[in-house]
Amino acid sequence: MMFRKFTFIKSWITLILKAERNLDMKRYDFVLAGNRDPRIMGLVGKTDHKILAVWAADCAERVLPWFDQKYPEDHRPRNAIKTLREWIATGKFRMAVIRKASLDSHAAARDVGDDNAARSAARAAGQAVAKAHVASHAVGAAIYALQAVFRNVGPAEAEAAVAAEKEWQHRDLLELDKTHNL
């Protein structure tokens, strides 16, 4: 087996790309590291709770089409984002509703089985709606969205695709923080 490791300084993740013996079935892993991007973490620590929720929903919605394309009849991840958007709009919070939407989206991810973009997208949606209860889940939604991007491309494109998505996430959070008064 051949291993290539890309480490992003001041980044959230370490990518480990593994080429399996079967060249037709290349498998690669996205491993979360303890490093967090100080740009994002600094903003998360001082950004309004609802702005973080909008950002988490934005991150998850960018990758959700990969789930919807493979499982068009399964609306659990989409319903999780809808539940979060309703909380953002109304401010009405029922823990049972938030928890069910999150757990349902994660169940959809488990039902996918294989490590692929669809599964990561469903997890991003589950983390996003959980943001209504716990602020740190916003970062979880962003990281699962990065994982979905990583799993949607081949190993050769993974580094650039993830870097571009991280930049979009940072810009989106900055813009939301500047322009929204939720």
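Please go through (1) under 12 Å from the mean Cα position of the chain (by Cα); (2) open to solvent by less than 20 Å² (accessible area, probe 1.4 Å) for His137 and return the number of the only condition it doesn't satisfy.
(2)
Taking the residues in segment 143-182 that are open to solvent by less than 20 Å² (accessible area, probe 1.4 Å) and more than 18 Å from Ala118 (Cβ to Cβ) as candidates, determine which candidate is farthest from the chain's Cα centre (by Cα).
Restricting to residues being open to solvent by less than 20 Å² (accessible area, probe 1.4 Å) and more than 18 Å from Ala118 (Cβ to Cβ), the top hit is Leu176.
From the set of residues in segment 131-182 that are assigned to a helix (DSSP H, G or I) and hydroxyl-bearing (Ser, Thr, Tyr), which is modelled with the highest pLDDT?
Checked segment 131-182; the qualifying residue modelled with the highest pLDDT is Tyr144.
Keeping to segment 91-147, report how many residues are under 15 Å from Asp68 (Cβ atoms), touching a residue at least 40 places away in the same chain (Cβ under 8 Å) and touching a Phe, Trp or Tyr at 6+ places or on another chain (Cβ under 6 Å).
6
Scan segment 84-98 residue by residue and report those that are in contact with a helix residue (DSSP H, G or I) (Cβ under 8 Å, 6 or more places away or on another chain) and part of a helix (DSSP H, G or I).
Leu84, Arg85, Trp87, Ile88, Val97, Ile98
Within segment 79-122, can you find the residues that are open to solvent by 80 Å² or more (accessible area, probe 1.4 Å) and of a type in the set (D, E, K, R)?
Within segment 79-122, Lys82, Glu86, Lys92, Arg94, Arg99, Lys100, Arg110, Asp111, Asp114 qualify.
From the list Thr47, Thr7, exactly one residue is modelled with pLDDT under 85, over 14 Å from the mean Cα position of the chain (by Cα) and either surrounded by 11 or more Cβ atoms within 10 Å (Cβ to Cβ) or of a type in the set (Phe, Trp, Tyr) (or both). Which is it?
Going through Thr47, Thr7 in turn, just one is modelled with pLDDT under 85, over 14 Å from the mean Cα position of the chain (by Cα) and either surrounded by 11 or more Cβ atoms within 10 Å (Cβ to Cβ) or of a type in the set (Phe, Trp, Tyr) (or both): Thr7.
The values are calculated or read from the model by the stated rules, or taken from the named source; none is laboratory data. Bear in mind the structure is a predicted one, so any value in this text is a computation, not a measurement. A quick note on method: Cβ atoms are made from the backbone with ideal geometry, for glycine too, and the neighbour counts reach across all protein chains shown. Protein only, heavy atoms only, side chains kept; ligands, DNA and RNA dropped before computing areas. Shrake-Rupley method; radii C 1.70, N 1.55, O 1.52, S 1.80 Å.
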